[in-house]
Amino acid sequence: MKSSTPLSPTSCPAQSGSLIIPGRQWFVSDLHLSIERPATLELFEHFVAEHPQTDDRLFILGDLFDAWIGDDDDAELAMRVRKALRTASERGVRIFIQRGNRDFMMGKRLMRACGAMLLPDHFVTPVAGRPTLLMHGDLLCTDDVDYQKARRRFRNPLFQWLMLLKSLEERRRIAADYRKRSGEITAKKSAEIMDVNADTVIRTLRHHRVDQLIHGHTHRPAEHQHALPDGRTALRLVLPEWHENAVVAWQDDGKKLNAINVTLS
Ligand SMILES: [Mn+2]
């Protein structure tokens, strides 16, 4: 990744020993970018060009793409997303990306092209002054046993290696078929099965010793409170999916989380 550009004269440099980091942090997920939804792609290009500034950190918590067939993809969508993120990273925006259940094939080559860093499925970082766990969210949906089984298969390095041996054309066909079948399966499942499991949330918070969690995936934007066994209350912020002309991006100004409306102006 490119190192950040020097601080502007108006910004306040962190004093030695303080935990203040320059810049703000942005959290988005579930953009589901695809060439069939040109307005959402345009909204994304507008967002990365206009909202995160030099020294800001942009976290994309999975499902950036509706499907990702491999880092060698040379289709228009792949080229436009690479360019948008690369341009932001060259401005000094630090970009961090987690894999979702749609773009689990994203790898280091794509990250290099975007000037981004690939994060693990669980990542703890300070947000609004609290240690916070960032996840896509699919791992919290443990009631959906079939999905968790499929997830283990898709995340298997051998499965991915074999997939990448296929031509781009063949992978495009497979991805189109998967998107169609996934929609059909999802339509049949109950809403409860596809939401997070509350016990899994508590277990995950305790395992990572945090009382704040930000994730997407469920497309049920909300701020949930969870009572922890030690008496504290944890906050779980669920990010919204992106729509054609507007989305809410969450921003950490160092003190608190703010919901920022992003629209195509
Ligand atoms: Mn998802």
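Observations on the model:
- In the range 146-160, the residues that are hydroxyl-bearing (Ser, Thr, Tyr) form Cβ pairs under 7 Å with partners that are surrounded by 14 or more Cβ atoms within 10 Å (Cβ to Cβ) and modelled with pLDDT of 95 or more, at six or more places apart or across chains, as follows: 147/141.
- Annotation note: of 121, 103, the sole residue that is at pLDDT 95 or above, in contact with a Lys or Arg (Cβ under 8 Å, 6 or more places away or on another chain) and either crowded, with 19+ Cβ neighbours inside 10 Å or under 30 Å from residue 255 (Cβ atoms) (or both) is 121.
- Condition check for residue 264: touching a residue at least 24 places away in the same chain (Cβ under 8 Å) and surrounded by 14 or more Cβ atoms within 10 Å (Cβ to Cβ): no
- Per the conditions (1) touching a Ser or Thr at 6+ places or on another chain (Cβ under 9 Å); (2) farther than 18 Å from residue 226 by Cα, the sole criterion not satisfied by residue 196 is (2).
- When the range 177-211 is filtered for residues that are of a type in the set (Asp, Glu) and closer than 21 Å to residue 221 by Cα, the ones remaining, listed by number, are 192, 195, 199, 211.
- A count restricted to the range 207-230 and to residues that are away from the ligand (no atom under 13 Å from the Cβ), in a loop (DSSP other than H, G, I, E, B), surrounded by 11 or more Cβ atoms within 10 Å (Cβ to Cβ) and at pLDDT 95 or above stands at 4.
- Here 24, 37 are screened, and the one residue that is charged (D, E, K, R), closer than 14 Å to residue 93 by Cβ and modelled with pLDDT of 90 or more is 24.
The values are calculated or read from the model by the stated rules, or taken from the named source; none is laboratory data. Since the model is a prediction, treat every value here as computed from it, not as a measurement. Ideal geometry is used to build each Cβ from the backbone, glycine not excepted, and the neighbour counts take in all protein chains shown.
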